[in-house]
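Some notes on the structure that comes next.
Laboratory data are not the source of any read-out in this text; all were calculated from the coordinates shown. A quick note: this is a predicted structure, and the numbers were derived from the prediction, not measured. As a convention, Cβ positions derive from the backbone with ideal geometry for all residues, glycine included, and neighbour counts pool all protein chains shown.
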Amino acid sequence: MSVLASPIRLRSQSLALRAAALGATLQLLATATAGAQASELPFVVGERLEYRVSVGKLGSIGEGVMSVEGPSEIRGTSALVLRSSIQARIGLLKTTERSESWIDPTRMTALRYTKRARGPFSRADQRVELFPDDQRWEDQRGRVGESPTNEPLDELSFIYYLRTLPLDTHTEDRVVRHYDRERNPISVRVLGRDTAHTKAGTFPTIIVEMRVKDPQRYGGEGVIRIHLSDDAYRYPVRIESTVPVLGTTVLTLEAYVRPTSHLATQHSPSSSGLP
């Protein structure tokens, strides 16, 4: 029996070694592919975009910042941290809103989202943990929901997701990527091209319209128009949204910082465009 079993054991060991080698090779390829995807993103750690906030006839009422930081580890995954903050004042009334989104850059999926808003008559705090593989989410109050996708996004990370898309004049789609099933679908449509003149420079832009479901902010469906720079960076040069009471709120790019060779370069308002 031992003489007959020996070749069988050898064959089994050989198959096991081949399987292990194949698994290691596949894992290496997956890691390399993920790294390539992350390196191709139009935004990187150190990016900082500064905005002027204006509302209709009231003119300039505040300022805003969008930035990319990290990496930060979330449940074993190295994540980029997207941050957005807006401060506005009308007379004696002051409003602030801060959002943060932790995303897996290799999958372009959100892992955590927080939002803190303070106004003269209201305040809101939101913290959501997203579990893409389980297609579920859980907020700070213990509410658990089902996500319609294993690649969920939130309000902030969706803007960065738009920057990764190969937009053209015929782009029109209904996207199911919001982590909350009730907030889908999101309509995305390219309206055309324009040239935006700002203190940060002059930018050829692609105008993208989003129709979103947000009962809290818009009382139902909201329309957001984003002018993305028509280049490799896809900077949000101008962001327009219409909200109840205030009307159309516009964020216009005033200055930007883009890291170069691991160093950040501040582009002055007198810059005439992208280098």
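General observations
- 3J(HN,Hα) couplings calculated from phi for region 124-136 with the Karplus curve 6.51 cos²θ - 1.76 cosθ + 1.60 (θ = phi - 60°) are, in sequence order, 8, 10, 9, 9, 10, 9, 10, 10, x, 5, 8, 6, 8 Hz; Gly and Pro show x.
- Anisotropy class of region 43-265 from Cα gyration tensor, a/c 1.5 cut: rounded
- Dipole check for region 43-265: with +1 at the C-beta of Lys and Arg, -1 at the C-beta of Asp and Glu, and the Cα centre as origin, the magnitude is about 740 Debye.
- Over all directions, the projected convex hull of the C-alpha atoms in region 45-107 averages 5.4 nm² in area.
- Label separation (Thr164 vs Arg116): 2.8 nm, computed from points 7 Å beyond Cα along the C-beta direction.
- Cut-off under 5 Å, modelled amide H: who pairs with Thr242 long-range: Val223, Thr249
- Put a dot 7 Å past the Cα of Glu172, heading toward its Cβ, do the same for Thr242, and the two dots end up 1.9 nm apart.
- Taking the charge dipole of region 43-265 about its Cα centre, with +1 at Lys and Arg Cβ atoms and -1 at Asp and Glu Cβ atoms, the residue from Ser187, Thr205, Gly247 reaching farthest to the positive side is Gly247.
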